[in-house]
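**Q** There's a structure below that I have some questions on.
The values are calculated or read from the model by the stated rules, or taken from the named source; none is laboratory data. Since this is a predicted model, take the numbers as computed values, not measurements. Cβ: placed from backbone, ideal geometry, glycine included. Neighbour counts: every protein chain shown. Protein only, heavy atoms only, side chains kept; ligands, DNA and RNA dropped before computing areas. Shrake-Rupley method; radii C 1.70, N 1.55, O 1.52, S 1.80 Å.
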Amino acid sequence: MRYGHTVETVRAAEGALMARLPEGALMQRAAAGLAAVCADALGRVYGARVAVLTGSGSNGGDALYAGARLARRGAQVTAVLLAPDRTHAEGLAALRAAGGRAAGAEEGPAVIGRADLVLDGITGIGGKGGLRPEAVPLAEAAHAARAGVVAVDLPSGVDADTGEVQGAAVHADITVTFGTYKPGLLVDPAAALAGALRLIDIGLGGDLGAPALEALQHADMAALLPQPTGESDKYRRGVVGIAAGSERYPGAAVLAVSGALRAGAGAVRYVGPGGDAVLAAHPETLVSTGSPHAAGRVQAWVVGPGLGDSAEARTAVEQVLASDVPVLVDADGLRLIGADAVRGRRAPTVLTPHAGEAAALLGTARAEVEAGRLDAVRKLAGMFGATVLLKGSTTLVAGPDPERPVRVNATGTPWLATAGSGDVLSGLTGSLLAAGLAPLDAASAGAYLHGLAARLVEGPLSALDVAAALPAAWRNVLS
């Protein structure tokens, strides 16, 4: 599991560790790891030209000490000082003693233009509100330069706790972060600016408190995925009910059923007007044309994909929410629910909106959701008392307990921005709910497998391609 901790938590852990170490030892640990990554990025250090963009405070100190280490190995290092009167004095002295030089901010674009590597130490993890005006030309010059850009702890101009980006920010090729990941490095839009992440262990260890964010990895997934045994039958493996599709959108029903069947469901019961299309694609499906109440025994329901807003659709949503099993609500179903009805359920509920649907549920603009994804998913989970999977460039999963970390999915790919892929995800996640996974785990595992399946397809894909690759993604996790 990857963990992301807030600035407040990191600061407290650093303070506790510094109290046990000689003065300056923690910064030297960070600088040593940072310099090693920079050297690896350069390939050849001797004779390389390095621009160190230096703000005030300890972040600038890390960068200056790393620059000093590179200078001692023969690099030509120039520190561009944005706040000369507040520059980390000891770090600057170390750089000069190693043969480096300092330049003012006005020289910065020219220094960057000649560099082979740019080290971004403008702002630290406590930076808020975007870059100051004097730093913007440097960020723009670094983005336009041929040099690689390495950010210190996080790209300057992004919010470490939320991933929000207000105005101009540094675009990094590599971000070297210390002690733990910061939430903003794992959540868009900031994550898109961070490049490859390198975590340097500086000894925070047990001083770190509870994380704000966590990301599943293969080992975590392997422990979660249900496996049939010799005693398994279709009911023990999980029967998922799917109320989806309409005369206008029968394909949504096919796609949701496809996701469920390829995610290990013991059986799928389909209810709705898309039965002929479903049976043509998947003859093993148990199809009925009545109401969800009359469909038969299920361990979880999926409702909403392609459902429309007819009276029949509203009835289907009402009946599914009235059931005593876990329910996943997606797409059209999200427009037909109320917070009170969801909060009043005895069984768990999972909501799977994209940014536009989340904005409608929150009564805000889509741009606000996309700019502040962490805040949006937490608000929705609290409003509905449900587990919320917020789809998008970074898929996030939040449970109704505000004390639990939000989960971020690391397997997504832009190729999933295709019609019907969300329907596959709904069926897949519903199958995991029916198999007995807790809502947070089912939603997290569903997003993980969904993204991994898309990556295995490698390139332009359709929603059915994703569904077809789910067994391979499952095997990949367990191999």
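**Q** Can you tell me how many residues in segment 267-307 are among the polar types (S, T, N, Q) and under 16 Å from residue 426 (Cα atoms)?
**A** Taking segment 267-307 as the starting set, the residues that turn out to be among the polar types (S, T, N, Q) are 285, 288-289, 291, 299.
If we keep only those that are under 16 Å from residue 426 (Cα atoms) too, we end up with 299.
Here the count works out to 1.
**Q** Could you list, in sequence order, the residues of segment 300-330 that are surrounded by 24 or more Cβ atoms within 10 Å (Cβ to Cβ) and either assigned to a loop (DSSP other than H, G, I, E, B) or β-branched (Val, Ile, Thr) (or both)?
**A** Passing the criteria: 302, 303, 304, 305, 306, 307, 317, 320, 326, 327, 329, 330.
**Q** Quick one: would you say residue 248 is out of contact with any helix residue (DSSP H, G or I) (no Cβ under 7 Å at 6 or more places or on another chain) and either outside any loop (DSSP other than H, G, I, E, B) or closer than 30 Å to residue 403 by Cα (or both)? Before the answer, list the steps.
**A** Details: out of contact with any helix residue (DSSP H, G or I) (no Cβ under 7 Å at 6 or more places or on another chain): yes; either outside any loop (DSSP other than H, G, I, E, B) or closer than 30 Å to residue 403 by Cα (or both): no.
In short, no.
**Q** Looking at (1) in contact with a Pro (Cβ under 6 Å, 6 or more places away or on another chain); (2) crowded, with 17+ Cβ neighbours inside 10 Å, which is the one condition that is false for residue 247?
**A** All conditions are met except number (2).
To keep it simple, each residue is scored yes or no on (1) buried (at least 17 other Cβ atoms within 10 Å of the Cβ); (2) under 18 Å from residue 170 (Cβ atoms); (3) in contact (Cβ under 8 Å) with a residue 40 or more places away in the chain.
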{"position": "24", "(1), (2), (3)": "no, no, yes"}
{"position": "56", "(1), (2), (3)": "yes, yes, no"}
{"position": "71", "(1), (2), (3)": "yes, no, no"}
{"position": "82", "(1), (2), (3)": "yes, yes, yes"}
{"position": "88", "(1), (2), (3)": "yes, no, no"}
{"position": "106", "(1), (2), (3)": "no, no, no"}
{"position": "113", "(1), (2), (3)": "no, yes, no"}
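**Q** Can you give me the number of residues within segment 352-379 that are under 17 Å from the mean Cα position of the chain (by Cα) and among the aliphatic types (A, V, I, L, M)?
**A** The number of residues fulfilling the criteria is 7.
**Q** Would you mention how many residues in segment 121-152 are open to solvent by 10 Å² or more (accessible area, probe 1.4 Å) and within 20 Å of the chain's Cα centre (by Cα)?
**A** Residues in segment 121-152 being open to solvent by 10 Å² or more (accessible area, probe 1.4 Å) and within 20 Å of the chain's Cα centre (by Cα): 0 in total.
**Q** From the residues in segment 153-176 that are of a type in the set (Val, Ile, Thr) and surrounded by fewer than 24 Cβ atoms within 10 Å (Cβ to Cβ), which one is modelled with the highest pLDDT? Before the answer, list the steps.
**A** Step one: filter segment 153-176 for residues of a type in the set (Val, Ile, Thr), giving 158, 162, 165, 170, 174-176.
Checking the rest, the ones that are also surrounded by fewer than 24 Cβ atoms within 10 Å (Cβ to Cβ) come to 162, 165, 174.
Values: 162: 94, 165: 94, 174: 98.
Filtering first and then ranking leaves 174.
**Q** For segment 331-366, enumerate the residues that are under 21 Å from residue 441 (Cα atoms) and open to solvent by 40 Å² or more (accessible area, probe 1.4 Å).
**A** Passing the criteria: 343, 346, 348, 354.
**Q** Could you count how many residues in segment 451-479 are open to solvent by 10 Å² or more (accessible area, probe 1.4 Å), assigned to a helix (DSSP H, G or I) and not aliphatic (A, V, I, L, M)?
**A** Counting residues in segment 451-479 that are open to solvent by 10 Å² or more (accessible area, probe 1.4 Å), assigned to a helix (DSSP H, G or I) and not aliphatic (A, V, I, L, M) gives 6.
**Q** Conditions first: (1) within 21 Å of the chain's Cα centre (by Cα); (2) more than 14 Å from residue 125 (Cβ to Cβ). Residue 185 passes all but one, so which condition is the exception?
**A** Every listed condition holds for residue 185 apart from (2).
**Q** Name the single residue that is surrounded by the most Cβ atoms within 10 Å (Cβ to Cβ) among those in segment 26-47 being in contact with an Asp or Glu (Cβ under 9 Å, 6 or more places away or on another chain) and under 14 Å from residue 149 (Cα atoms).
**A** 34
**Q** Give the residue, chosen from 210, 219, that is in a loop (DSSP other than H, G, I, E, B) and open to solvent by 50 Å² or more (accessible area, probe 1.4 Å).
**A** Working: 219 fails: in a loop (DSSP other than H, G, I, E, B).
Selected residue: 210, the only one of 210, 219 that is in a loop (DSSP other than H, G, I, E, B) and open to solvent by 50 Å² or more (accessible area, probe 1.4 Å).
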